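The values are calculated or read from the model by the stated rules, or taken from the named source; none is laboratory data. Just so it is clear, the model here is predicted, and its values are computed rather than measured. Here Cβ is always computed from backbone atoms with ideal geometry, including for glycine, and neighbour counts include all displayed protein chains. Calculation scope for accessible area: heavy atoms of the full protein, side chains included, ligands and nucleic acids excluded. Shrake-Rupley method; radii C 1.70, N 1.55, O 1.52, S 1.80 Å.
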Amino acid sequence: MANDTLTITDNRTNATYTIPIKDGAIRAMDLRQIKTDPEDFGLLSYDPAFMNTASCRSSITFIDGDRGILRYRGYPIEQLAENCRFLEVAYLILNGELPTARQLEEFEAQIKAELAVPENIKRIIEGFHHDAHPMAVLASTLAALSTFYPDAKKVRDPANRRKQIIRLIAKVPTLAAYFYRYSRGLPYVDPDPRLSYTGNFMKMLWKGLEPDYQVNPVVERALDILFILHADHEQNCSANAMRSVGSSEADPYVCAAAATAALFGPLHGGANEQVLRMLDEIGSVENIPSYIEDVKNRKRLLMGFGHRIYKNYDPRARIIKQTADKVFEVTGRNPKLDIALELERIALSDEYFISRKLYPNVDFYSGIIYQALGFQPEIFTVLFAIPRMTGWCAQWDEMMGDPEQKIARPRQVYIGYGHRDFVPMDQRG
Ligand code: CMC
């Protein structure tokens, strides 16, 4: 472009400034030169909830929210979901390129060598109440891994970072499965490196007394697709937590615990559990109109609808809907699907949702499949966290290698009292 600059006139002083524009963005620090006098701190940009602030330059995930496009490293999510296994996509997200057969084999071998967790983790898990929320347990046990791997503190060493990333991706299903077994009073099932990433997870969850657990290939493939869809989503709340905590050079285990905590919230990954609870509360199709009225009267949110970035159908929701049909052929149809489909139909024809561009997001249909696959709602968000570990790690690694990044430390616009002198207690009114 001829002149990639922005000219700003400060009407307080009539001074004019020219600021460069790069990749459609100005640097907030360029505003600092805009001052009313030399003592002035300089102009800040105020952006609660980062509605219009890019915190990094990233080459991992691309989203065009208006057109409903999601790509990992340039590849459309639809093509990856159709053609890849989860670890193939994990390799792509971490390394920037799809693996060759040999690279994938090596990567899988590295992951499989790290599936086991330290024995003491079992005792930590056993300290929790059996009905503790699995996301709180996951955050706690991820943080606990920090105590077993003190070498993880060398976060400036790229090779060391890679070692910890492999450990995190490998161990997160084991942490989740061990708590799942403990919470049901079942003996732990050790990881089985002969199986795929998802097949092993299924075995650790569901193996009974049969001598040789057989992984159902339809369920395994469905879980693999769900894992691919959840692997990364650029600068969302939990990725931002991972980067923000990581910027202080904390080790990746405690960073991942922070990201897990962010994901737990019902406005983020916790929405998948809430969607199921909402469908249970609605109970049947006839109750949908009154539920929608409550949503429009702001008494509640329609969980699984809306997104900060997507102002169109979330492409992940579309793939999940298609996958659901294949799963239901094996598991039988989840009756909640009818409620969800009708809820979507009504919502998408209602002015409230149309005018606000509120469409189903990834969490709207995922819970229905998870339930059909045999999962309880409390574990749904854990099923989001397991694959998202890859994205968190890639985001963290990218940040640590980015010379422009420093400790994350936002500014504030102070609106409290000015100076005032201390008042002794007996003089306070
Ligand atoms: N139900 C009803 N109204 C909604 C909803 C909803 N689910 N989502 C947004 N709105 C309304 C909101 O009240 C606001 O209306 P108005 O302009 O009249 O005040 C308008 O739509 C814009 O919403 P917002 O809250 O400013 O949007 P946001 O970008 O801050 O929030 C969101 C995004 C995902 C937190 C929000 O849409 C929401 O709470 N959805 C329900 C929870 C959910 O499904 N979360 C999963 C997100 S996808 C998976 C993930 O990445 O975590």
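For segment 46-60, which residues satisfy the criterion of being surrounded by 11 or more Cβ atoms within 10 Å (Cβ to Cβ) and either under 17 Å from the mean Cα position of the chain (by Cα) or not acidic (D, E) (or both)?
Of the residues in segment 46-60, the ones surrounded by 11 or more Cβ atoms within 10 Å (Cβ to Cβ) are 47, 50, 53-58, 60.
F50, T53, A54, S55, C56, R57, S58, I60 - these are the residues of segment 46-60 that are surrounded by 11 or more Cβ atoms within 10 Å (Cβ to Cβ) and either under 17 Å from the mean Cα position of the chain (by Cα) or not acidic (D, E) (or both).
Within segment 382-390, identify whether any single residue is among the basic types (K, R), open to solvent by less than 30 Å² (accessible area, probe 1.4 Å) and within 12 Å of the ligand (Cβ to nearest atom), and answer yes or no. Break it down into steps so the answer makes sense when it comes.
Step one: filter segment 382-390 for residues among the basic types (K, R), giving 388.
Now restrict to residues that are open to solvent by less than 30 Å² (accessible area, probe 1.4 Å): 388.
Add one more test, that the residue is within 12 Å of the ligand (Cβ to nearest atom), and what stays is 388.
The answer is yes, given that some residue of segment 382-390 is among the basic types (K, R), open to solvent by less than 30 Å² (accessible area, probe 1.4 Å) and within 12 Å of the ligand (Cβ to nearest atom).
May I ask you to list the residues in segment 7-40 that are of a type in the set (D, E) and assigned to a strand (DSSP E or B)?
Residues of segment 7-40 of a type in the set (D, E): 10, 23, 30, 37, 39-40.
Within segment 7-40, D10 is the sole residue that qualifies.
Of all residues being more than 30 Å from L70 (Cα to Cα) and of a type in the set (S, T, Y) in segment 274-319, which is nearest to the ligand (Cβ to nearest atom)? Just the residue, please.
Result: Y291.
Restricting to segment 238-252, name every residue that is in a helix (DSSP H, G or I) and farther than 19 Å from I309 by Cβ.
Of all residues in segment 238-252, those in a helix (DSSP H, G or I) come to 238-246, 252.
Hits for segment 238-252 are V245, G246, P252.
Got a sec? Which of E220, E249, E234 is open to solvent by 10 Å² or more (accessible area, probe 1.4 Å) and in contact with a strand residue (DSSP E or B) (Cβ under 9 Å, 6 or more places away or on another chain)? Walk me through how you get there before you give the answer.
Numbers: E220 fails: in contact with a strand residue (DSSP E or B) (Cβ under 9 Å, 6 or more places away or on another chain); E249 fails: in contact with a strand residue (DSSP E or B) (Cβ under 9 Å, 6 or more places away or on another chain).
Step by step, each of E220, E249, E234 is checked, and only E234 is open to solvent by 10 Å² or more (accessible area, probe 1.4 Å) and in contact with a strand residue (DSSP E or B) (Cβ under 9 Å, 6 or more places away or on another chain).
Name every residue in segment 274-318 that is part of a helix (DSSP H, G or I), among the β-branched types (V, I, T) and open to solvent by 20 Å² or more (accessible area, probe 1.4 Å), in order of residue number.
Keep residues of segment 274-318 that are part of a helix (DSSP H, G or I), which gives 274-282, 285-296, 315-318.
In the following step, the residues that additionally are among the β-branched types (V, I, T) were identified as 275, 282, 285, 288, 292, 295.
The answer is V285, and nothing else.
Scan segment 357-375 and report the pairs whose first residue is near the ligand (Cβ under 9 Å from one of its atoms) and assigned to a loop (DSSP other than H, G, I, E, B) and whose second residue is open to solvent by less than 10 Å² (accessible area, probe 1.4 Å) and basic (K, R), with Cβ atoms within less than 8 Å and a gap of 6+ or a chain change.
Here the result reads N361/R316, each pair linking segment 357-375 to a residue that is open to solvent by less than 10 Å² (accessible area, probe 1.4 Å) and basic (K, R).
Which of (1) open to solvent by less than 60 Å² (accessible area, probe 1.4 Å); (2) over 26 Å from the mean Cα position of the chain (by Cα); (3) within 11 Å of the ligand (Cβ to nearest atom) is the odd one out, the single condition A271 does not satisfy?
(2)
If I go through segment 69-117 residue by residue, how many of them are open to solvent by less than 70 Å² (accessible area, probe 1.4 Å), in a helix (DSSP H, G or I), of a type outside the set (A, V, I, L, M) and over 23 Å from P191 (Cβ atoms)?
Counting residues in segment 69-117 that are open to solvent by less than 70 Å² (accessible area, probe 1.4 Å), in a helix (DSSP H, G or I), of a type outside the set (A, V, I, L, M) and over 23 Å from P191 (Cβ atoms) gives 1.
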